[in-house]
Every structure is written in C-alpha cells, then in structure tokens.
1. I want to confirm something. Restricting to segment 217-230 and keeping residues that are out of contact with any Leu (no Cβ under 6 Å at 6 or more places or on another chain) and under 10 Å from residue 259 (Cβ atoms), which single residue is most open to solvent (accessible area, probe 1.4 Å)?
2. Scanning segment 427-454 for residues that are assigned to a helix (DSSP H, G or I) and among the acidic types (Asp, Glu), which turns out surrounded by the fewest Cβ atoms within 10 Å (Cβ to Cβ)?
3. Any residue that is buried (at least 21 other Cβ atoms within 10 Å of the Cβ) and at positive phi - is there at least one of those in segment 596-604?
4. Is one or more of the residues making up segment 522-531 modelled with pLDDT of 95 or more, aliphatic (A, V, I, L, M) and open to solvent by less than 40 Å² (accessible area, probe 1.4 Å)?
5. Considering only residues that are open to solvent by 40 Å² or more (accessible area, probe 1.4 Å) and part of a loop (DSSP other than H, G, I, E, B), look in segment 244-257 and name the one that is farthest from residue 214 (Cα to Cα).
6. Among the helices (runs of 4 or more DSSP H) confined wholly to segment 287-395, which include 3 or more residues that are open to solvent by 50 Å² or more (accessible area, probe 1.4 Å) and at pLDDT 95 or above?
7. Which of the residues belonging to segment 368-403 are touching a residue at least 40 places away in the same chain (Cβ under 8 Å) and polar (S, T, N, Q)?
8. Checking the condition in contact with a strand residue (DSSP E or B) (Cβ under 6 Å, 6 or more places away or on another chain) and farther than 24 Å from residue 429 by Cβ, which residue from 331, 345, 349, 353 passes?
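The values are calculated or read from the model by the stated rules, or taken from the named source; none is laboratory data. Just so it is clear, the structure is predicted and the values come from calculations on it, not from any experiment. Virtual Cβ from ideal backbone geometry, glycine too; neighbours counted across all protein chains shown. SASA here: full protein model, heavy atoms, side chains in, ligands and nucleic acids out. Shrake-Rupley method; radii C 1.70, N 1.55, O 1.52, S 1.80 Å.
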Amino acid sequence: MMTTNFLSKFGIVIGVVFSLSNSIAQTPIVDFGSEWRYYDLGNSPPTQNALTWKNNAFSDVSWKSGNAQLGFGDGDEETSIGDSILTGYFRKRFTILDPSLFEDLKLQLIYDDGAVVYLNGQEIWRMNMPAGIINHNTLAASGSSDNAAASHTLGSALITGENLLAVEVHQRAASSSDISFDFSCLAIPSMRVVRGPYLQSLSSHSLIVKWRTSEPGISKISYGLEMSNLSQTVVDITPKINHELKIDNLDPSTKYFYQIEDGIQVLVAPAADLFFVTAPLIGSRVPLTAWILGDCGTANTNARSVRDAYHAYKQGADTDLILFLGDNAYNTGTDNEYQFALFENMYENTLKNTVSWSCLGNHDGGSASSGTQTGPYYDIFTFPTQGECGGMASGTEAYYSFDFGNIHFIVLDSYDSDRSTNGNMRMWCEQDLQNTAADWIVAFWHHPAYSKGSHDSDTESALVQMRQNFLPLLESHGVDLVLSGHSHSYERSYFLNGHYGDSDSFNSSSHTIGTYGYGDGRPDGAGAYVKALSQDEGAVYITAGSSGQKSAGLLDHEAMYLSVSELGSCALEVFGNRLVVKFIRETAIAQDSFTIEKDLSCTLNAPCDDGNICTNNDQLNADCQCVGTPISNVPVNLVLDQSASPLRSTYKATQSILVSGNVSLSPTQLTTLIAPEVLLQPTLSISAQTTFVVMQSGCN
C-alpha cells in the first residue's frame, strides 16, 4: 500500500490510501470506495451567490459525507442516501501539484440509471442521459442494470491546485426503487510506456528487451534474481521513444526479474509476472513448451478467445517461446495495426515474460521490405543475424535460426525473399543445417507446403516453390516438424518424406515413414510416429493459420491426416526423445495431437545438466530426459575444503558457503554455489573450460 507522501512526487495530494499498479501509466486520483460529499434532499442544491453546485468555489460544508458505494435500494451500499430522491449530487475535491505530468484521464463509473460528470465546473462525460440542459427533474434516457459500469478516457483538464469532480446521478422514473454511485479517476502521465515491454533474441547468456514510451527519454532496465533486489542495470542515455536494450552476461536457464525506468522514475515496476528466463545451454535435453500462433493479427474477439483458451488449457504452466507464423497484423502490418493485434488488449501479458519469434507473412509484408530490412515488422522485431542465438549467421532478419536446448529452429521468409534453389536463403539454410548437431529440427515459414484451405498448395507459386525447393533439403537433414499459416484452417499431415508434387500425387505407401506413418501419430491410438537412430526421414507438416480467423476451402489434401476449419492455436512440447504437438481450440479443448518418438541413443544414467540450479546428480532417464534430484537437507553453513575437491554439481546453504583451502573445480562441469553469503578464498582454481556460478539467493 502506498500513501499520499509517496504520491506527492507525481503531483497528487489526496486524503486516501490506495495501491499503485505495476506501471505508473495509471496513477489513481480517486479510487472506488472513496469518501464523497453528497446532497440528497430531493431538490436541486441551492445556488450560493450565483455559484452552482458544480463550481469549485461552491461550499459543500453543509453537505453530508460518506464512502462509496452511495445509494439505496440494492442492499450493497456502503453509505445509504435518501430513498425517495429523483437525483443525487456528489462532489470530491483533490489537489494536483503539477498537471503537466498528466496527459489523459481514465474515468470509471458505477451508476443506476444515468449520470453526468463535471470537472472543475465543465461537463466532461454524460452517460445514459438525454441531450440538452440537465436539471433536477431530468430523467435518465433509459433504465440500466443494477450497478451498471462504464469507462471513458479523455484529455486531461486538471489545473494546478485544488480540483473538483462533481457528479449527478438520475433515476429513470420517479417510481424507481434504487440508485447507485461509485467512481474512480486515473491520471495517465505524459511519460509512460505505451507498448511492451516485450522480449526478443533470447540465448543462454543474453536477450533483448524492447518497449515504447509516449515521449522521448533514456532507456534503463534494472534486473536481478529477486524482485526486491534489482541491483544490475543496463542504460542507454540517448533519448528515444522506441527503446531496445540488450542484457548480456546472464546465466543459462535462470529467472531474472526486471523493471523499466527512464532515469527519473520507474515506468514499469517489478512484479511477479515481470521476468525473463534465459535459454538453457545449447544441447541440454530439458523441457520446452512453445505457443504457436498463425495468422493471429485480427485484433478481435476471435484472437482473444484463442488466447484465453490456450492459457486455460495450460493452467498456469510455463511457456518458453511464442512462435508467430506471420500475418501478425491485418491488413497491411502497419505500426498501428500491430499495436492492437499484439500489444494492446491481446498478448501483452505474455510478451513481457516470454520471448517471441516470427516469420514474415504477406500481410506483414504489405508495409515491410525484406530487401532493405525496413518497415514496421522489422522495426518491431529484433532477430539474430550473426548466429548470436545459435545456428549460422544469415546476415538478415528475414531468415535466421536459433537454438533452445537440444532443439534447432529455422525461420524462413516465404514472402519477400528469393525462394529459388540458388538463392541466398536456400544456400544459407543448407549451411545452417549442415552445422547443427541438435536432436530436433523445427522449421517455420508463412506459406504452407501442403494446404487445401483458403489457399491451394497445388497452384499458388509461393507454396509450390517452398515445397519443391526447400523440403528436399530440410528432409535430407532430418527436419522433424514444419509449421506454417496463410490458410485460415488447421491441417496436419501424416509422417511424411519425399512428397514434393501436388495433392493427387500423394502415395501413402511411398510418402509416409514407418509402421505408423500413415496413422494418427498418437501413442493411445494407432501409435506414435517413430524415428530410428540416425534416421533423417520423417516429418510432420502443420498449417495452423486459424488463430485469428477461420475460412473454408476443400480441406481435402491427401497428405493430411486431419483438416478442419476451426479457430485455435498449437502447443509444441519437447522433452528428451519425445516431441508432442496439440491443436487447442478456442473452447480450450485439444482437438488433435500427435507424438514423434526418436531414438537418441542415450546412455541411461549418464550425467547431464537439467538447467535447474536447484537440483544435483542430473542424469538421463530412459526417455533421454535430463532429470535432477532436488537439493534437500540443506545445511545452515557449508565449508568446502580440499577434501571436497574437485567441486562439481550444486552446493547450497541457508546462510553461507565458505570455499577454503586449495580447492579446484571439475573441468567442463557446471558448478553452482547458492547461499545468501558466498566466501571465496584466493586459492580457488578455475580452469578455462569450467562454468562456475555463484548465486546469492535461494532456490525457488
């Protein structure tokens, strides 16, 4: 809880106590439940020397006072007022020290049946009231529900010093049995975050945070392992509106909290859901969950229904990545369209703690150019061009690659880059594939190789070229999953290899792989799709372009196991030797799923790193999943001397760890010391091949 002493720095002095939101973008002036002066004598308040009740200089000392909700007849009132009145009158004073700090006001009203709101004697909002002059006997335009709610945003008309909010609430009829009133007013500062923050270009040791402010200012992020101790900072003192900061020298698989500042004030305050988690070390066989959104840029209730259904299905489980399959903002990918398709009342609560990756769609490309790397799409997203997140340098954000643990992702541009076999994109893709040692390969681009939805892969050139020019290359290097959008449907293939012709040329005998390749891919059905040791052949292709809209087509491509015109998104889950994809409808039901199981030739109980600093004795299980044992029986104080040398794995104490004497670290092993106080004597020997982490905190 914050008091008025704290708020005075923002130019507000009011006699109530309230909670601040995570961002100063909405600073309370008047809260719901506040104390109001009110007049309920059944007539219009008498004037005072020609001053009406709406005037700042009008004296209301004779009026009654009470906390909202004010009214009668519903039984939920905090303060009951006259039960036979036609109109109730309410006044609230507050002081603003510097009105220039605020650009807008957000008003929220609870009423029954109609109301007119005044600020400093001027009408600023009329709700369910007729046009024209309003007096005591004016009736509301119509009846409202009990405790009807409404909101309104307008430019700030605050003045220096004392301000007055005045509200009159009217009945719909003289016989009406109830009246209700409560009100809040939020001041929106001139300097505020209007987009983001959101996360980009995640790696094991770095990431990029981006945001936009309403006015130019410096860029500053404070971050740390605990929400209450954000002791590390990155700063760019160049004033700007579009902010981008890279945070380096981070530990892998580690959760950091952060806040956004402008050098003067905190713009987005630390919170339990304002964090980022670095990627695991490349090659680590740790769990991954990715949320796949195709053609989601409609900025409408369809997209929000799909969003809400995914979160309901996951029930709070972590999501590591968001994969946008293009057409992220309709109709032409303008900056304003992106604002509402991604950042405002859409995905903002996930984007601030989950990194997003994207490919270019044709609608995004309506205002962007891959050749010049310009336009809103390339301004909004920041993707690796030099292999800084894994993979080979592409030199462009139009196509690139990245790693997450033992999964290699390849992102291609099927709209605005050369799709030919001798083009730069294909040559880079081949080099990238040749240089990955990942267990799993996932590729995505916008135009699907197979579709009979709102687009036809038999006849449309971009779809045909991606199938004919890129699938042979990808399949020869062992691609496991290919994701696309464009068609506004969900179409999922069998376990395919070598099908590069049109739909009619598909042959289930020669174009599917394995005993169960022509089945449903479900362990509890016909059987999971299986890849044997060192087998490159076998991939599933998904067209998932229905995250914002659905449209019909023949939906009869012969290589598809399932084709439906339904809203939804996909969840990709990978752990060890198992890859699972689920199609989650807007009803929060998984309509489709499949599993690929791969022989990774793991050695049972072989040591590994599960990416969790709070476990030790990490070992591979029978499914090639790296699983550690949670640290237990933690001592208060721990001394590590020569008898413990070489150090390996994770050590934890509730108070302190002392590394004493001639102690060395095990080469190539990750060693982690976790305690509020860690003391290292200068005789500690650390080799160049060793990863050594000290955390002055505890495990979550």
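1. Our first condition is that a residue be out of contact with any Leu (no Cβ under 6 Å at 6 or more places or on another chain); within segment 217-230, this holds for 217-218, 220, 225-230.
Cutting the leftovers down to under 10 Å from residue 259 (Cβ atoms) gives us 220, 227, 230.
On the way: 220: 53, 227: 81, 230: 32 Å².
Per the criteria, the residue is 227.
2. Taking segment 427-454 and keeping what is assigned to a helix (DSSP H, G or I), we get 427-434.
Retained after the next criterion (residues that are among the acidic types (Asp, Glu)): 430, 432.
On the way: 430: 17, 432: 22.
That would be 430.
3. no
4. Scanning segment 522-531 turns up at least one residue that is modelled with pLDDT of 95 or more, aliphatic (A, V, I, L, M) and open to solvent by less than 40 Å² (accessible area, probe 1.4 Å).
5. Going residue by residue through segment 244-257, those that are open to solvent by 40 Å² or more (accessible area, probe 1.4 Å) are 244, 246, 248-249, 251, 255.
Next cut, part of a loop (DSSP other than H, G, I, E, B) only: 248-249, 251.
Details: 248: 27, 249: 30, 251: 33 Å.
Top of the filtered list is 251.
6. On the way: elements: 301-314, 335-338, 348-351, 376-380.
Of the helices (runs of 4 or more DSSP H) lying wholly inside segment 287-395, those with at least 3 residues that are open to solvent by 50 Å² or more (accessible area, probe 1.4 Å) and at pLDDT 95 or above span 301-314.
7. 369, 370, 382
8. Values: 331 fails: in contact with a strand residue (DSSP E or B) (Cβ under 6 Å, 6 or more places away or on another chain); 345 fails: in contact with a strand residue (DSSP E or B) (Cβ under 6 Å, 6 or more places away or on another chain); 349 fails: in contact with a strand residue (DSSP E or B) (Cβ under 6 Å, 6 or more places away or on another chain).
Criteria check complete, one pass: 353.
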